[in-house]
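Since the structure comes first, as structure tokens, the remarks are kept for the end.
The numbers here are math on the coordinates, done by the rules we state, and not lab data. All of these numbers come straight from a predicted model, not from anything done at the bench. We place every Cβ from the backbone using ideal geometry, glycine too, and count neighbours over all the protein chains shown.
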Amino acid sequence: MMHTPKVAVVILNWNGIKYLRDFLPSVLASTWPALEIVMGDNGSTDGSVAFVKSVYPTVTIIENKGNYGFTGGYNRVLTQVNADYYILLNSDVEVEPGWIEPVIAQMESDERIAAAAPKIKSFDSKDYFEHAGAAGGFIDKYGYPFCRGRIFYEIEADRGQYEQPGEIFWASGAAMFIKKKCWDLAGGFDESFFAHMEEIDLCWRLKNMGYKVVYCPQSQVYHVGGGTLNTENPFKTYLNFRNNLLLLKNNLPFWKAFWVISIRFWMDFLALIRFLMEGKRKDAWAVTKAHQNFVRKLFSRKIRKSGSPDETTSKIVNHKSAMLTGTYSRSIVWDFFVGKRTKFTDLEQQDLH
């Protein structure tokens, strides 16, 4: 590298003083020379801001006026951060001192790389991958996201099977590296997502613009997971089902989106039935609410972070030059639940693009 790019690690916090106590020291031990640590606060009421100011005075603090969710919080904070690279890092992530260097080196090697993901492992079971990201994100033909090392609820042990760097479809928002110019060009997160899958939407938009998203196994971080919404929370169920449909609507060409979303409504209905059979009535109702909200949003004007909606939208729809590496041409739902292909290595390689 001819020069040392400035990197800003930006942690969005909402009442996460426990995680800041536990994990901020590891971030401050990072060895990247041109580094700024930023805590963006989403209107915390637990003393987080006062704690960081008093104990870690070198951390830059940017305070939002309220809780704008993951999407709105980051959008507002990053307008006030000046760096060549942003690293969006969850507060419940432990890092190693040299975790930044290999990722930046990989991203600097190719102008078309917009975003990157480190290997994400479980903080509580360090030999295992972690649900949110694992060894890089992929997506199937119906818009279901999954990861190398994690398909649905099956999480693999890290035995060195995913040590090859390369292109993926999406990088987890738990630890996402992104070039500032690409963040600005894409218009940041779509705030209608609030939380969950917004990083997949952002990566997909970048890929539609001809950019790449990559995985760097030489960097690994350890994520607690479920720090804000655990997996049993019906609100998380609602966000996952609604946002998955928004993802398809935002990024697929119109007729393909129409076809895929039509199929997805029936697949989601089967998930609803399954929730009812398992006695999870609140989750079943969350699926219904997700569909209702999605239909309402079809008739609303799409607005992202900055610029006019038309200006932002015109930048992202370029399907002819899209970089679609990281897609799976089959149904991961069918292959997992019926075909019993529970590991990424069980999938037919010719179906992965």
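How large is the helix-only mean residue ellipticity at 222 nm for the chain, computed as the sum of -39500 (n - 2.57) over DSSP H runs with n ≥ 4, divided by its residue count, in deg cm²/dmol to the nearest 500?
After summing the helix terms and dividing by the residues of the chain, the value is -11500 deg cm²/dmol.
Cut-off is 10 Å between beta-carbons; in what order do Arg159, Arg21, Arg264, Arg242 appear when sorted fewest neighbours first?
Least crowded to most crowded, the residues run Arg159, Arg21, Arg264, Arg242.
Tell me the net charge near Ala34. Cut-off is 9 Å between Cβ atoms, Ala34 excluded, with +1 for each Lys or Arg and -1 for each Asp or Glu.
Within the 9 Å Cβ shell, the charges total -1.
At a Cα cut-off below 25 Å, give the lysines reachable from Lys18, other chains included and same-chain residues fewer than 8 away excluded.
Leaving aside lysines fewer than 8 places away in the same chain, those within reach of Lys18 are Lys53, Lys65, Lys119, Lys121, Lys126, Lys236.
List the GluC sites (Glu not before Pro) within the stretch 85-122 that DSSP assigns to loop and that have no more than 12 neighbouring Cβ atoms inside 10 Å.
Glu111
In nanometres, what is the gap between the two model label sites at Ala105 and Leu270, each 7 Å from Cα along Cα-to-Cβ?
That separation, rounded to one decimal, is 4.6 nm.
Consider just the alpha-carbon atoms of the stretch 93-188 and return their Rg together with their Dmax, both in angstrom.
13.7, 39
Given a cut-off of under 8 Å on Cα pairs at least six residues apart, what relative contact order in percent is computed for the stretch 205-283?
Over the stretch 205-283, the number comes to 24 percent.
Whole-Hz Karplus ³J(HN,Hα) for the stretch 70-79, in order, using 6.51 cos²θ - 1.76 cosθ + 1.60 and θ = phi - 60°, x for Gly and Pro?
Running phi through 6.51 cos²θ - 1.76 cosθ + 1.60 with θ = phi - 60° gives 5, 6, x, x, 5, 4, 6, 5, 6, 5 Hz.
Show which lysines lie in cross-link reach of Lys181 when reach means a straight Cα distance below 16 angstrom and same-chain residues fewer than eight apart are skipped.
Answer for Lys181, where 16 Å is the Cα cut-off: Lys6, Lys207, Lys212, Lys305, Lys315, listed by chain and number.
For the chain, what does the relative contact order come out to in percent, with C-alpha contacts under 8 Å and a separation of six or more?
19 percent
Cut-off is 10 Å between beta-carbons; in what order do Tyr85, Tyr162 appear when sorted fewest neighbours first?
Tyr162, Tyr85
Is the stretch 7-223 rounded, prolate or oblate when judged by the Cα gyration tensor, a ≥ b ≥ c being the square roots of its eigenvalues, rounded requiring a/c under 1.5 and prolate requiring a/b larger than b/c?
It is rounded, given that a/c, with a ≥ b ≥ c, falls under 1.5.
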